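**Student:** Have a look at this one.
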Amino acid sequence: MNSAAAAAACASAPAVCGLGGEAVALRSLRISQGAAVRRAAVAARAAAENGVAGSGGFDYDLVIIGAGVGGHGAALHAVEEGLKTAIIEGDVVGGTCVNRGCVPSKALLAVSGRMRELHDEHHMKSLGLQVSSPGYDRQAVADHANNLASKIRSNLTNSMKALGVDILSGFGAIVGKQKVRYGKVGFPDKEITARNIIIATGSVPFVPKGIEVDGKTVFTSDHALKLESVPDWIAIVGSGYIGLEFSDVYTALGSEVTFVEALDQLMPGFDPEIAKLAQRVLINPRNIDYHTGVFASKITPAKDGKPVQIELIDAKTKEHKETLEVDAALIATGRAPFTKGLGLENINVVTQRGFIPVDERMRVMDADGNVVPNLYCIGDANGKLMLAHAASAQGISVVEQISGRDHILNHLSIPAACFTHPEISMVGLTEPQAREKADKEGFEISVVKTSFKANTKALAENEGDGLAKLIYRPDTGEILGVHILGLHAADLIHEASNAIALGTRLQDIKFAVHAHPTLSEVLDELFKAAKPREGPERKPKHPPQPLLKVLSFVTHLLTSQKRNRQP
């Protein structure tokens, strides 16, 4: 495509092109051109089914309630498939991930990573570097996170506008079969119809009973990402992904951290071996202490000169153990689905602990266990896997089904990452989960590990602390789970997640070639360390060299004979 065409695309969506460059413009044009053809096919199919032109008598082929990462991913794929699409957003485009989650938190973690490295005198000296008195500007750090969120939000908004997605402002609710009402407070509601509807309303921070949030001294991750202060001593209630990442940020910026964890060990959602190593690397050397096996039964914000007070009770006996007095408390006890007010009662759908029940194809199930036709739910609202990229993958899967191609997403192939320093990543089953599955289904599992200390690139960076772990079936070569703690673990995990998604066996992936010296060789060594039983004999894709020589000689001989026969 010529530069004039790309320039025209940029003119129609300047913010998109300013962020993503010409590549975004080219993709927009490619989708628009392909969508025109597909839209004609969709209209023809709708006419055949309903005897009506356009979208089968509906205002839209697809309406999505919620414009977070999941809704955005579904909308873009729908346009690519030629579907007339609208997306309803009651807050701001980008949802939790872009505005109050993944995106701004990564900006803060980028700062904490650099601060941590600059303050590590031993690490600097080992590289031959001298750094004196590193510091930071709190407001500038906060501005960096806010500006990044604004930039990505603008990118998402303009990408949808450029591709012809109608962005409808207001809170959406289902009023009947294939009918949605939306509107803002103080304005009249509007009603639209859609052949298919996707609910993608996401989640909000979960705050347990007894905890009073004031947004200043007792707050959730939504407030923490604004970085309005850096307290001297902060308690973090919950030691999962959110709590662990914020402990990385706060300790790098000079805070003392105390974890409050209800279960008997920190990081309960991680593979136990990785959690143990993470505690040695990310907790013990830092200004962090912790209380496990306790609930924060009551938390009172700081006021009248008194500090934040946290009453701890034993998680099992419920007896009072002690009262902590700290400067601030971050509530990182997980997230709750945002599904109230969606009009689910109009279609006989009852939530389960707030989550909308769905089947493996993300189709919404009613109170009687039946599929609600033409209605889907993706992302945090269905509770299958509360990750932004999982929501996007579910949305794309739904659009595939709407477009006439059956598709079931393998959730065990979706990776997860914790962006601490060093990072943690995982995909598939933990070792206890794999052993439980093996016991139930009657197969054996094997586990192999490799250290970052054996990787040249990690040693060049002086970042040898790390471990990669593979859980697999030796009888089939199936990868059951991979867990990594180490430098750029969040980037390394995708080779394993793609292998699981594609069903690639260890017998095959161990022959993949990795550039040297790179961190990817951590996975290379891991796959090569596995000892699956040999499967069926592998047929070579290319003839062996001796055979090639024979074929070449025969070809030469036949050619010579042909020449000799010519007059």
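**Student:** Given a 1.4 Å probe and heavy atoms of the protein chains only, how would you sort 106, 276, largest accessible area at the top?
**Tutor:** So, going from the largest accessible area down, we get 276, 106.
**Student:** How much solvent-accessible surface does residue 58 expose, in Å² to the nearest 10, with a 1.4 Å probe and all protein chains in place?
**Tutor:** Surface accessible to solvent at residue 58 totals approximately 50 Å².
**Student:** At what distance in nm do the modelled label points of residue 263 and residue 276 sit from each other, each positioned 7 Å from its Cα along Cα→Cβ?
**Tutor:** Result for the modelled spin labels: 1.6 nm.
**Student:** Sticking with this one: Grab the Cα-Cα distance for residue 502 and residue 451, subtract it from 0.36 nm times how many residues apart they are, and report the gain in nm with one decimal.
**Tutor:** Gain on stretching residue 502 to residue 451: 15.8 nm.
**Student:** Return the whole-Å distance between the Cα centroid of the stretch 95-151 and the Cα centroid of the stretch 71-85.
**Tutor:** 35
**Student:** Further, regarding this structure: If the chain between residue 408 and residue 370 were fully stretched, how many nm would it gain, using 0.36 nm times the residue separation less the Cα-Cα distance?
**Tutor:** 11.9 nm
**Student:** Further question on the same structure: In whole angstrom, how far apart do the alpha carbon centroids of the stretch 383-410 and the stretch 258-297 sit?
**Tutor:** Spelled out, the Cα-based centre of one part sits 33 Å from the other.
**Student:** Taking the simple approach of a point 7 Å from Cα along Cα-to-Cβ for both residue 444 and residue 150, what is their distance in nm?
**Tutor:** That separation, rounded to one decimal, is 6.1 nm.
**Student:** Report the full-extension gain for the segment residue 139 to residue 350: residue separation times 0.36 nm, less the Cα-Cα distance, to one decimal in nm.
**Tutor:** Length gained between residue 139 and residue 350: 71.5 nm.
**Student:** For the full complex of protein chains and a 1.4 angstrom probe, list 502, 168, 312 by accessible area with the highest value first.
**Tutor:** Putting 502, 168, 312 in descending order of accessible area: 502, 168, 312.
**Student:** If you roll a 1.4 Å probe over the heavy atoms of the protein chains, what accessible area per residue do you get for the stretch 218-333, in Å²?
**Tutor:** Per residue, the stretch 218-333 has 42 Å² of solvent-accessible surface.
**Student:** Which order, highest average first, do 185-191, 90-96, 494-500 follow once you tally other Cβ atoms within 10 Å for each residue and take the mean per peptide?
**Tutor:** Result, highest mean first: 90-96, 494-500, 185-191.
**Student:** When the accessible area of the stretch 412-529 is split by element with a 1.4 Å probe, what percent falls to carbon and sulfur?
**Tutor:** Summing carbon and sulfur atoms, their accessible area is 52 percent of the total for the stretch 412-529.
**Student:** Say each of residue 475 and residue 216 gets a label point 7 Å from the Cα, pointing the same way as Cα to Cβ; how far apart are those two points in nm?
**Tutor:** Simple spin-label model gives 6.3 nm for this pair.
**Student:** Given 492, 413, 509, which one lies farthest toward the positive end of the charge dipole of the stretch 412-529, if we put +1 on the Cβ of every Lys and Arg and -1 on the Cβ of every Asp and Glu?
**Tutor:** 509
**Student:** Further, regarding this structure: About the Cα centre of the stretch 218-333, how large is the charge dipole given +1 on each Lys and Arg Cβ and -1 on each Asp and Glu Cβ? Please answer in debye to the nearest 20.
**Tutor:** Here the size comes out at about 100 debye.
**Student:** Here is a follow-up. If contacts are Cα pairs under 8 angstrom and at least 6 residues apart, what is the relative contact order of the stretch 218-333 in percent?
**Tutor:** Normalised by residue count, the contact order of the stretch 218-333 is 33 percent.
**Student:** Let me ask something additional. Considering only protein heavy atoms, what per residue accessible area in square angstrom results for the stretch 364-407 with a 1.4 angstrom probe?
**Tutor:** In whole numbers, the stretch 364-407 has 37 Å² accessible per residue.
**Student:** Pairs 106/303; 276/453; 177/340; 469/528: which exceed 23 Å Cα-Cα?
**Tutor:** 106/303
The values are calculated or read from the model by the stated rules, or taken from the named source; none is laboratory data. Bear in mind that the values here come from a model prediction, so they are computed numbers and not experimental data. FYI the Cβ positions are ideal-geometry reconstructions off the backbone, even for glycines, and counts take in every protein chain you see. Heads up: the accessible areas ignore ligands, DNA and RNA and are worked out on the full protein's heavy atoms, side chains in. Shrake-Rupley method; radii C 1.70, N 1.55, O 1.52, S 1.80 Å.
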